[in-house]
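The values are calculated or read from the model by the stated rules, or taken from the named source; none is laboratory data. Worth saying up front: this structure is predicted, and the values here are computed from it rather than measured. As a convention, Cβ positions derive from the backbone with ideal geometry for all residues, glycine included, and neighbour counts pool all protein chains shown. Just the protein is used for accessible areas: all its heavy atoms, side chains included, with ligands, DNA and RNA removed. Shrake-Rupley method; radii C 1.70, N 1.55, O 1.52, S 1.80 Å.
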Amino acid sequence: MGGKVLIAGARVGFWVALVIPAVAAAALLWYMIAMPGRSWSGALPALTGEDRRLAERLREHVQAIASKPHHRWAPAELEAAAVYIEERLRAAGHAVQREEFRSTGAVVRNLFVEERGARRPGEIVVVGAHYDAAVGAPGANDNGSGVAAVLELARAAREWRPDRTWRFALFVNEEPPFFQTAEMGSRVHAERARERGERIVAMYSLETIGWYSDAPGSQHYPFPFSWFYPDRGDFLAFVANLASRDLVHQTIATFRAAAQFPSEGVAAPGWIPGVDWSDQWAFWRAGVPALMITDTALYRYPHYHTAQDTPDKVDYERLARVVRELERTFRALDGAL
């Protein structure tokens, strides 16, 4: 009898040892991937005349910024991109602030403008994108598309009259070899903001947002997310670390409440490949809730970090839809964050 009890107990222990980790893993996955609201599905609505004009402005921005490689070792092209950004922001009625610092012996700069809040001006929301390209790549999608979006959002923000202060920032030196180093532009900005005692309540990094495909199998993921997300690369992704889960939930719920564009979201550990691969990392490091808004870059875009990342690859009509929907989302979030 005693032997049978021991055997039975061993069997129970074996199954407990299997079930508990499986339940814990399932709970963690649910915690990461469960998002509020429902993604838009079905045909996209017809573009309006204003959408088409927006698409043409976005095309103009990407062509001006990202027709040639522009980075620390292509200084004339990097400077031309910075000058164009400054000119467009001034043309929209903004006072441009330069944030200069030394990088490998030369002076480079971040650029930013603000739409000051009326009721809570000390609470700052940053919407940013890096304007440098990877070595050897013109960088039209990565990240001319994100820069173009920030320029148009900054232009639209002149009519917002927000409660909080909205800062639109263009960062230098996101790409290797500066990524996650002391010479990464967004890290410089986040650290200087903290030194100034600024209260940044949220940060959105617009990273590679111009490539979409309706083809089955066009979307890929790091393990194990392919089991839970669509295989068509037709959506906008909202990506956060676990500490920024509340922000990604609030943001995607607001986006889905009105957006007529597919969306997916995740809050995952930063060590999963791709989760921290942009400027939101610098703000996480400074203790700021932040997320990346992206087309998922290399998990979808076949020309990532290549000489073929040229302006003709960007889907300007869908990029215009994304910018329009992000503007609506950010305006709605102004009083809610």
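Take the range 104-156 and flag every residue that is touching an Asp or Glu at 6+ places or on another chain (Cβ under 7 Å), hydrophobic (A, V, I, L, M, F, W, C) and assigned to a helix (DSSP H, G or I).
Selection gives ALA140, LEU153, ALA156.
Quick one: in the range 291-310, of everything that is touching a Ser or Thr at 6+ places or on another chain (Cβ under 6 Å) and of a type outside the set (Ser, Thr, Tyr), which residue is nearest to PHE261 (Cα to Cα)? Walk me through how you get there before you give the answer.
We begin by selecting, within the range 291-310, every residue touching a Ser or Thr at 6+ places or on another chain (Cβ under 6 Å); these are 291-292, 294-295, 297.
Checking the rest, the ones that are also of a type outside the set (Ser, Thr, Tyr) come to 291-292, 295, 297.
Working: LEU291: 19, MET292: 17, ASP295: 12, ALA297: 18 Å.
The residue in question is ASP295.
Go through the range 299-329 residue by residue and tally those that are open to solvent by 20 Å² or more (accessible area, probe 1.4 Å), hydroxyl-bearing (Ser, Thr, Tyr) and either under 22 Å from HIS70 (Cβ atoms) or part of a loop (DSSP other than H, G, I, E, B) (or both).
3
For every residue, the table says whether it meets (1) open to solvent by less than 10 Å² (accessible area, probe 1.4 Å); (2) of a type in the set (Phe, Trp, Tyr).
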residue	(1), (2)
TYR131	yes, yes
GLY136	no, no
GLY144	yes, no
ALA157	yes, no
PHE171	yes, yes
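Enumerate the pairs (first residue in the range 35-53 and under 24 Å from ALA148 (Cβ atoms) and open to solvent by 50 Å² or more (accessible area, probe 1.4 Å); second residue anywhere and basic (Lys, Arg) and modelled with pLDDT of 95 or more) with beta-carbon separation below 7 Å, excluding pairs fewer than 6 apart on the same chain, so at least 6 apart or on different chains.
Correct list of pairs: LEU44/ARG321.
Could you go through the range 166-184 and let me know if any residue there is over 29 Å from THR104 (Cβ atoms), assigned to a loop (DSSP other than H, G, I, E, B) and out of contact with any Phe, Trp or Tyr (no Cβ under 8 Å at 6 or more places or on another chain). If you could, list the steps in order and put the result at the bottom.
Initially, the range 166-184 is screened for residues over 29 Å from THR104 (Cβ atoms), giving 166.
Then keep just the ones that are assigned to a loop (DSSP other than H, G, I, E, B); that gives none.
There is no residue in the range 166-184 that is over 29 Å from THR104 (Cβ atoms), assigned to a loop (DSSP other than H, G, I, E, B) and out of contact with any Phe, Trp or Tyr (no Cβ under 8 Å at 6 or more places or on another chain).
Out of everything in the range 198-236 that is buried (at least 24 other Cβ atoms within 10 Å of the Cβ) and among the β-branched types (Val, Ile, Thr), what residue ends up being nearest to ARG324 (Cα to Cα)?
It comes out as ILE209.
Confirm whether TRP277 is outside any helix (DSSP H, G or I), open to solvent by 20 Å² or more (accessible area, probe 1.4 Å), more than 20 Å from ARG38 (Cβ to Cβ) and without any contact (Cβ under 8 Å) to a residue 40 or more places away in the chain. Steps first, please.
On the way: outside any helix (DSSP H, G or I): yes; open to solvent by 20 Å² or more (accessible area, probe 1.4 Å): yes; more than 20 Å from ARG38 (Cβ to Cβ): yes; without any contact (Cβ under 8 Å) to a residue 40 or more places away in the chain: no.
When the stated conditions are applied, TRP277 does not pass them.
What's the number of the only condition in (1) outside any helix (DSSP H, G or I); (2) surrounded by fewer than 21 Cβ atoms within 10 Å (Cβ to Cβ); (3) small (Gly, Ala, Ser) that ALA332 fails to meet?
(1)
Kindly check whether there is at least one residue in the range 87-97 that is polar (S, T, N, Q), open to solvent by less than 40 Å² (accessible area, probe 1.4 Å) and either out of contact with any Leu (no Cβ under 6 Å at 6 or more places or on another chain) or under 17 Å from PHE171 (Cβ atoms) (or both). Step through it out loud before you land on a result.
The initial filter retains those residues of the range 87-97 that are polar (S, T, N, Q), namely 97.
Still in the list and also open to solvent by less than 40 Å² (accessible area, probe 1.4 Å): none.
Looking through the range 87-97, none of the residues is polar (S, T, N, Q), open to solvent by less than 40 Å² (accessible area, probe 1.4 Å) and either out of contact with any Leu (no Cβ under 6 Å at 6 or more places or on another chain) or under 17 Å from PHE171 (Cβ atoms) (or both).
For the range 239-250, state whether one or more residues are part of a strand (DSSP E or B), free of Cβ contacts under 8 Å to residues at least 60 places away in the same chain and open to solvent by less than 10 Å² (accessible area, probe 1.4 Å). So that I can check it myself, show each step before the final result.
Narrowing the range 239-250 to residues part of a strand (DSSP E or B): 239-240.
If we keep only those that are free of Cβ contacts under 8 Å to residues at least 60 places away in the same chain as well, we get 239-240.
With open to solvent by less than 10 Å² (accessible area, probe 1.4 Å) added as a condition, the list becomes 240.
Looking through the range 239-250, at least one residue is part of a strand (DSSP E or B), free of Cβ contacts under 8 Å to residues at least 60 places away in the same chain and open to solvent by less than 10 Å² (accessible area, probe 1.4 Å).
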